[in-house]
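A short write-up of the structure that comes next.
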Amino acid sequence: MVEIRLKRGSGAMEANRLEAFSDGVIAIIITVMVLEMKVPHGADITALEPVLPVFLTYVLSFVYLGIYWNNHHHMLKLTESIDGSVLWANLHLLFWLSLLPFTTGWMGENHFERWPTVLYGANLLCCAIAYYVLQSRIIRCQGRDSVLAKAVGRDLKGKISPALYVCGIVAAWSISAKIGVAFFVFVALMWLVPDRRLERVMTRRHW
């Protein structure tokens, strides 16, 4: 019994360190992203017009990073133990998130042209897949009867989101980049509120 408790305590500590590391990386990603917004040289209000597409893409990506940070936080609060595969899955997620400043800047600088928008959508798709992989690895590490597994349930939003990203990529390529962006905005709105399933379970645990 003593050995089992030590293992659980060690796992909890690792989960806390994993969360702290991830928080730091996401904070750096946001900082890099905002630094990509160049200050206009003109002092007139019209000087802001060329910066507007860059600002809009920054807002969208900022919202996405906020969504991932929120849900990542809630997920790790329900994580009692992790292993090496979870660490690598988390790094996999952070890798794709770290590319957001590049794809965001390219799409904004080119005013939502086809290729930049397609690449941005592909980046979002890879982030969603990586998050699903991380979630699956944590559940597998803890077991199908774990608190997190029960809270996630069928995870309909998590399964619908990649399909909508694909639709957005296809629309951006074949119809209009702006229609593709509309798909990406819709997914962001879908996830704007933190996952209620995890919040409900966390509330019950506190009680």
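The values are calculated or read from the model by the stated rules, or taken from the named source; none is laboratory data. Please read these numbers as outputs of a predicted model, since none were measured by experiment. Cβ coordinates were reconstructed from backbone atoms using ideal geometry, including for glycine residues, and neighbour counts include every protein chain displayed. Calculation scope for accessible area: heavy atoms of the full protein, side chains included, ligands and nucleic acids excluded. Shrake-Rupley method; radii C 1.70, N 1.55, O 1.52, S 1.80 Å.
Annotations
- Each Lys and Arg contributes +1 and each Asp and Glu -1, all at the Cβ; summed about the Cα centre of the chain, the dipole is approximately 1020 debye.
- Entry for Cα extents along the principal axes in Å (calculated from the structure that is shown) out of (i) 52, 33, 31; (ii) 59, 31, 27; (iii) 69, 34, 31: (iii)
- Between Arg144 and Ala47, the distance separating the two model label sites (each 7 Å from Cα on the Cα→Cβ line) works out to 6.3 nm.
- Estimated from the Cβ-Cβ distance and a Förster radius of 45 angstrom, the FRET efficiency linking Asp83 and Lys38 is about 0.55.
- Take region 1-140 with all the other protein chains still there, run a 1.4 Å probe, and you get 55 Å² of accessible area per residue.
- In the chain, a dipole from Cβ-located charges (positive for Lys and Arg, negative for Asp and Glu) runs towards its positive end, and of Phe112, Val32, His73 it is His73 whose Cα lies farthest in that direction.
- Region 160-185 and region 113-140 have their alpha-carbon centroids 13 Å apart.
- For the chain, the share of accessible area belonging to carbon and sulfur comes to 67 percent (1.4 Å probe, ligands and nucleic acids excluded).
- Only helical runs count toward this figure. For the chain, summing -39,500 (n - 2.57) over DSSP H runs of n ≥ 4 and dividing by all residues gives -27000 deg cm²/dmol at 222 nm.
- Working from label points 7 Å from Cα in the Cα-to-Cβ sense, the Arg154 to Ala27 distance is 4.0 nm.
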